[in-house]
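Everything below concerns the one structure shown next.
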Amino acid sequence: MMNCMQPEQLNLKNYRLSEETMRTKNILTLTLILIFSLGATQAFADDHDDGRRHDGGAGGGYTGSGPAPVTVQRAKSMWDDSRVVLKGCITRSLGGEYYEFTDATGAVTVEIDHHTWQGLNIGPDDLVEIHGEVDNEWTGTEIDVKRIIKR
């Protein structure tokens, strides 16, 4: 014979324990989600490496000499897509992203994308070091500038 309990005879203590257990599980779950999402955010921040330190501290890296600078005259005779470093002055704008770069051996047209300037203000009397690639066109040799350093 089946014993049916009346609603007032239900064990409410077990029901409350179950409710408290669920509340505890929910809090634990939310805490874990928060911890893992903060950890993932930090992991993405650590993975973003553009070669610069963003915390103001001293960065590590290679401290030896880089590629030796070449003259404009030498750069004009190099193979297409050769990497070059030139020291001299940007003497005038030729319009758009094109400028005349001059050193003691001559002048060459350089192409400098807007983002390459990185906020630098450079005049015709400023000595600069440009890193780029030789671009041999049918109209002549140009340098596609990848980086500018004001000296």
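Observations on the structure shown:
- Enumeration of residues in region 72-101 that are closer than 18 Å to residue 140 by Cβ and surrounded by 17 or more Cβ atoms within 10 Å (Cβ to Cβ): 72, 75, 76, 84, 86, 88, 90, 99, 101
- Only residues that are among the aliphatic types (A, V, I, L, M), surrounded by 15 or more Cβ atoms within 10 Å (Cβ to Cβ) and closer than 12 Å to residue 86 by Cβ were counted across region 112-151, and they come to 6.
- Residue list for region 107-119, filter: of a type outside the set (A, V, I, L, M, F, W, C) and either without any contact (Cβ under 8 Å) to a residue 12 or more places away in the chain or closer than 17 Å to residue 139 by Cα (or both): 109, 111, 115, 119
- Answer residue from region 72-88, given it is under 29 Å from the mean Cα position of the chain (by Cα) and small (Gly, Ala, Ser) and is farthest from residue 100 (Cα to Cα) among those: 82
- Check on residue 143, of a type in the set (Val, Ile, Thr) and either outside any loop (DSSP other than H, G, I, E, B) or in contact with a Phe, Trp or Tyr (Cβ under 6 Å, 6 or more places away or on another chain) (or both): yes
Since every read-out is calculated from the coordinates, none of them should be taken as a lab result. On a predicted model such as this, the values are computed, not experimentally measured, just so you know. Note that we place each Cβ from the backbone using ideal geometry, even for glycine, and neighbour counts take in every protein chain shown.
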